[in-house]
1. Using only Cα atoms and rounding to the nearest 10 degrees, what angle (0 to 90) does helix 79-111 make with the longest principal axis of the chain?
2. Can you tell me how much longer the chain between LEU87 and LYS63 gets when fully stretched, taken as 0.36 nm per residue apart minus their C-alpha distance, in nm with one decimal?
3. About the Cα centre of the chain, how large is the charge dipole given +1 on each Lys and Arg Cβ and -1 on each Asp and Glu Cβ? Please answer in debye to the nearest 20.
4. Indicate the gyration tensor shape class of region 1-66 (rounded, prolate or oblate), computed on the Cα atoms with a ≥ b ≥ c the square roots of the eigenvalues: a/c under 1.5 is rounded; otherwise a/b larger than b/c is prolate and the rest oblate.
5. Principal axis extents for the chain, Cα atoms only, whole Å, descending order, please.
6. Using only protein heavy atoms and a 1.4 Å probe, report how much of PHE38 is accessible, in Å² to the nearest 10.
7. Enter the accessible area of LEU27 (Å², nearest 10), with the probe set to 1.4 Å and all protein chains included.
8. Where does helix 61-71 land angle-wise versus the long Cα axis of the chain, in degrees 0 to 90, nearest 10?
Amino acid sequence: MDEKIGRKIGMKMSLWMGITLSFFLSLTGLLMSGHFTFPGLLINFLISLTISLVIGFLVPMKKVTDSLDAKLKLEPRSIKANLLNSLVSDLIYTPVITIVLTLIAYRQAVAHGASISYGAMLLSSLIVSLLVGYILIFVFMPLFLKLAIKTSVRE
């Protein structure tokens, strides 16, 4: 595949997955907190999207997953490869996003007089976020990849 097309596909994947993960992880976190507001969702989404895009542009996910697939002799885009690649992506993106968003929520809660442990808050958020993130990545990554290839080849 042409290197220029590969870069287009990578940029689209980073953007689309970043938007998807950021929206759903932000929504999940706010719903778990019991303090859902649309401004809160927008702020969390924008912070999460920024983090996702930075990670997406710094971490060459295709190289990482292709290398791992080759080492484990997995057929690219097979179910086994998708399961593993989803886990790798989830472990790269979700903890960073969750740590930052939980820290923001913790600071807001403490500022309003809440007496809560950051560790407990982070642990419960991280467990749920990793599960939600894994499912989202497993479902949307193959769909977005097909769409990215289709639209990039036509351009």
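1. 20 degrees
2. Numbers: separation 24, 0.36 × 24 = 8.64 nm, distance 1.51 nm.
Contour length minus Cα-Cα distance gives 7.1 nm.
3. Values: 14 positive and 7 negative charges, 78 e Å.
It comes to approximately 380 debye.
4. Values: a/c = 3.47, a/b = 2.89, b/c = 1.20.
It comes out prolate by the Cα gyration axes.
5. That gives 56, 33, 23 Å along the principal axes, largest extent first.
6. Accessible area, nearest 10 Å²: 150 Å².
7. 40 Å²
8. For 61-71 against the chain, the angle is about 60 degrees.
The values are calculated or read from the model by the stated rules, or taken from the named source; none is laboratory data. Since the structure is predicted, the reported quantities are computational estimates derived from the model, not experimental observations. Quick reminder, even Gly has a Cβ in these numbers, built from the backbone with ideal geometry, and neighbours come from all protein chains shown. For the accessible areas, the whole protein counts, side chains as well, though only heavy atoms, and no ligand, DNA or RNA atoms are used. Shrake-Rupley method; radii C 1.70, N 1.55, O 1.52, S 1.80 Å.
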